[in-house]
Each structure stands twice: as C-alpha cells, then as structure tokens.
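Each remark here refers to the structure printed beneath this line.
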Amino acid sequence: MKKQYLADVSLLLVVFIWGATFVMVQDALAFLKPFSFNAARFFIASLTLLAGYLLVAHKKKDKVWTKPLILSGIKIGIWLFLGYAFQTTGLLYTTPAKAGFITGLSVVLVPMFSLLLLNQKIPVQAVAGIVLAAIGLYLMTMGGPSSLSIGDVLVFFCAVSFAMQIITTAAYAKLYNALPLTIIQLITVAVLSTVSALLFEDTSVFLTPSIMLRAEVLSALLVTSLLATAFAFFAQTHFQAKTSPTRVALIYALEPVFAALTSYVLINEQLTKAAITGCVLILIGMVTAEFPFKRKKAEPIDSAA
C-alpha cells in the first residue's frame, strides 16, 4: 500500500509538472524560437538520462545498445519530435489552458488510431470518450471569443503525434530496456530539433547571453529538461507499474486541469462558459476512454509540455 501511495504521489507530481510548464514554455518562446527551445531542452534531458544510465549500468556487461533498439527508439522519437514541434509552435498562437486540454486528446485518439492502424476493436467506453471529447473540443475552440485559431490546429496535430508515439511505444517497449529506449527517443528529438532550428531559425541566440540567461528562458529550459523530461520519464517508467491502471488513467487526466489552473494563477487566463464546458467534456472523455482498461508499459508521453 505504501509503494502504491508513493507511486501515485510521484505520478501526480509528474502530471503537475507537465501541466504547469505550458505557461513557462510560452513565456520562454517570447525570446527563443520553438525548434531552438526544443533542441536545448532535449539535449539537456538526454544527456542527463544518459549520465544517469552510465552511472548505474557501468558494471553490466549485457549488450543493450543493439541496432534494433536504436532503430525502434528513432521511430518513436520521430513522433515525439513532431508532437513537441507542433505543441511548442502552437503555444505561440493559443493559450496554455487550451493547449493543455487539446494535447490531452492524445489519450482519446489512441484507441481510434489502434483501430485504423492495428485493426484493434474499439471498446464501447472508448467510443463514448471520443464522442464526448469531440463535442468538448468543438465547444472549447469554436464558441465565443476564444474561437478556433491556428495554434489550436497545431496543438491538435501535436495530440495526433503524441497518440502515434504512444502506439509506437506500445509496440516496442516490451521488447527492449525502457531507459535506453527512452534515451534514444530524446536524442532523436534533440537532433531533429537542432537540424530544424539550423534550417528555419536564427540560432545565433545560443551565443547571446542576454537571451539565454534571461530568467524566463533559463528557468523554462531547466524545469522542462530536468523535471518535465528527464525526471518525468524516469518516474513514469519506474512508478507506473507500481499502481493500478485505473489510478494512472485518472492521474493522467489531471494534466490539462493543472495546465488550466496554473494558467489562471500565473497569467489570469479566462475561459468562456462554452470553453469551460468543452474542457469538462474533454476531461470526462479522457477518463471514460481510459477507464478501466490497462495502459501499456512505458508510455513516455501522454501529453507533456
């Protein structure tokens, strides 16, 4: 019971960190472009996890870093890169609260994509969850002054990418060691983000201390790379198997709630009544789609920021 309680609290902390970072990332994007931000974030995170892995695994003689593992990690990492690229860019044009709830749709999209790509039957609960989330998305993005924006569309593509990342992870996670697989994913995101930054953005900001050492940029990079990525992935991998799938589903559904709360507290973001109704329906849809089915082991992004 004590182990389950520790696991629940740890996962709740992870979800809170993911939800709270939407505002931080949006603040940092006023000074750092999306691909540049993700490149720095994921290089710091991947190096942190790699250093941790080398510290605990230096005595092991098992051959872990095989070609199939590396290729699998790259495949998952491509979807992870697309998810964060769409999410970070979308935050330039939409609000943190809306981004949090739209990103959360990845949970609802997983069973639908599983039907289309893997020919897996969609449970009745998942169908109900998809319908509720779709209605909620319409109310949140099409009602009143907070109408649909290009940022909402980009974040929706982020949810699609994260759903594909979850499905791809489920296919490979049971075959390989979780930590090396995660490290390969993060390195893939870092490399692809760096290449994209070099092609599409002014990367001279990395050599500009007045920008990189700004409180908004430095705090966002440290929190997202060390806490929201390195710590979150490790905690998720380690603790998710120590609690029940139902508890995990309910805890993960709180991420957009934390995004909305921190957005309200930190920047006083206000939502219309229609948007609030939409958020509630999306939240109910997320829980309904997950309840009471088991999650696959080691799903490293359920909508993070």
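The values are calculated or read from the model by the stated rules, or taken from the named source; none is laboratory data. Quick caveat, the model's predicted, so the values are computed rather than measured. Note that we place each Cβ from the backbone using ideal geometry, even for glycine, and neighbour counts take in every protein chain shown. Areas reflect the complete protein model, heavy atoms only, side chains present, ligands, DNA and RNA absent. Shrake-Rupley method; radii C 1.70, N 1.55, O 1.52, S 1.80 Å.
If I go through segment 62-105 residue by residue, how many of them are of a type outside the set (Phe, Trp, Tyr) and under 30 Å from LEU148 (Cα atoms)? It would help to see each step written out before you state the result.
Step one: list which residues in segment 62-105 are of a type outside the set (Phe, Trp, Tyr), which gives 62-64, 66-78, 80, 82-83, 85, 87-92, 94-100, 102-105.
Adding the requirement that they be under 30 Å from LEU148 (Cα atoms) leaves 76-78, 80, 82-83, 85, 87-92, 94-100, 102-105.
Residues meeting the conditions: 24.
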Taking VAL191 as meeting all but one of (1) closer than 22 Å to PRO34 by Cα; (2) within 21 Å of the chain's Cα centre (by Cα); (3) touching a residue at least 40 places away in the same chain (Cβ under 8 Å), write down the number of the exception. (3)
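Would you check if there is a residue in segment 1-20 being among the basic types (Lys, Arg) and open to solvent by less than 40 Å² (accessible area, probe 1.4 Å)?
Initial filter on segment 1-20 (among the basic types (Lys, Arg)): 2-3.
Next cut, open to solvent by less than 40 Å² (accessible area, probe 1.4 Å) only: none.
Checked segment 1-20: no residue is among the basic types (Lys, Arg) and open to solvent by less than 40 Å² (accessible area, probe 1.4 Å).
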I need every pair where a residue in segment 269-280 that is of a type outside the set (D, E, K, R) has its Cβ under 6 Å from the Cβ of a residue that is surrounded by fewer than 16 Cβ atoms within 10 Å (Cβ to Cβ), sequence separation at least 6 or different chains. THR272/GLY144; ALA274/GLY144
When you look at ALA274, is it open to solvent by less than 40 Å² (accessible area, probe 1.4 Å), in a helix (DSSP H, G or I) and closer than 21 Å to MET24 by Cα, yes or no? no
Of (1) assigned to a helix (DSSP H, G or I); (2) open to solvent by 40 Å² or more (accessible area, probe 1.4 Å); (3) in contact with a Ser or Thr (Cβ under 8 Å, 6 or more places away or on another chain), PRO256 fails just (2)
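Considering only residues that are more than 16 Å from PRO256 (Cα to Cα) and under 20 Å from the mean Cα position of the chain (by Cα), which ones fall in segment 100-128? Don't jump to the end; show me each part of the working.
At the first step, the residues of segment 100-128 found to be more than 16 Å from PRO256 (Cα to Cα) are 110-128.
Hits for segment 100-128 are VAL110, PRO111, MET112, PHE113, SER114.
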Residue by residue through segment 204-230, note down the ones that are surrounded by 16 or more Cβ atoms within 10 Å (Cβ to Cβ) and hydroxyl-bearing (Ser, Thr, Tyr). THR224, SER225, THR229
Tell me, yes or no, whether segment 233-253 has at least one residue that is at pLDDT 90 or above, over 13 Å from VAL15 (Cα atoms) and out of contact with any Lys or Arg (no Cβ under 8 Å at 6 or more places or on another chain). no
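Output the residues belonging to segment 87-107 that are open to solvent by 30 Å² or more (accessible area, probe 1.4 Å) and either touching a Cys at 6+ places or on another chain (Cβ under 6 Å) or not polar (S, T, N, Q) (or both). Explain how you work it out, then say what you get.
At the first step, the residues of segment 87-107 found to be open to solvent by 30 Å² or more (accessible area, probe 1.4 Å) are 89, 92-93, 95.
Once the filter is applied, which keeps residues that are open to solvent by 30 Å² or more (accessible area, probe 1.4 Å) and either touching a Cys at 6+ places or on another chain (Cβ under 6 Å) or not polar (S, T, N, Q) (or both), segment 87-107 yields LEU92, TYR93.
Taking SER161 as the residue in question, decide whether it is open to solvent by less than 20 Å² (accessible area, probe 1.4 Å), under 14 Å from the mean Cα position of the chain (by Cα) and farther than 30 Å from LYS3 by Cβ. Before the answer, list the steps.
Details: open to solvent by less than 20 Å² (accessible area, probe 1.4 Å): yes; under 14 Å from the mean Cα position of the chain (by Cα): yes; farther than 30 Å from LYS3 by Cβ: yes.
In short, yes.
Test ILE187 against the criterion of being at pLDDT 95 or above, crowded, with 19+ Cβ neighbours inside 10 Å, within 25 Å of ALA232 (Cα to Cα) and of a type in the set (Val, Ile, Thr), and give yes or no.
Values: at pLDDT 95 or above: yes; crowded, with 19+ Cβ neighbours inside 10 Å: yes; within 25 Å of ALA232 (Cα to Cα): yes; of a type in the set (Val, Ile, Thr): yes.
For ILE187, the condition - at pLDDT 95 or above, crowded, with 19+ Cβ neighbours inside 10 Å, within 25 Å of ALA232 (Cα to Cα) and of a type in the set (Val, Ile, Thr) - is met.
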Quick check: anything in segment 108-128 open to solvent by 10 Å² or more (accessible area, probe 1.4 Å), touching a Gly at 6+ places or on another chain (Cβ under 9 Å) and within 13 Å of VAL160 (Cα to Cα)? yes
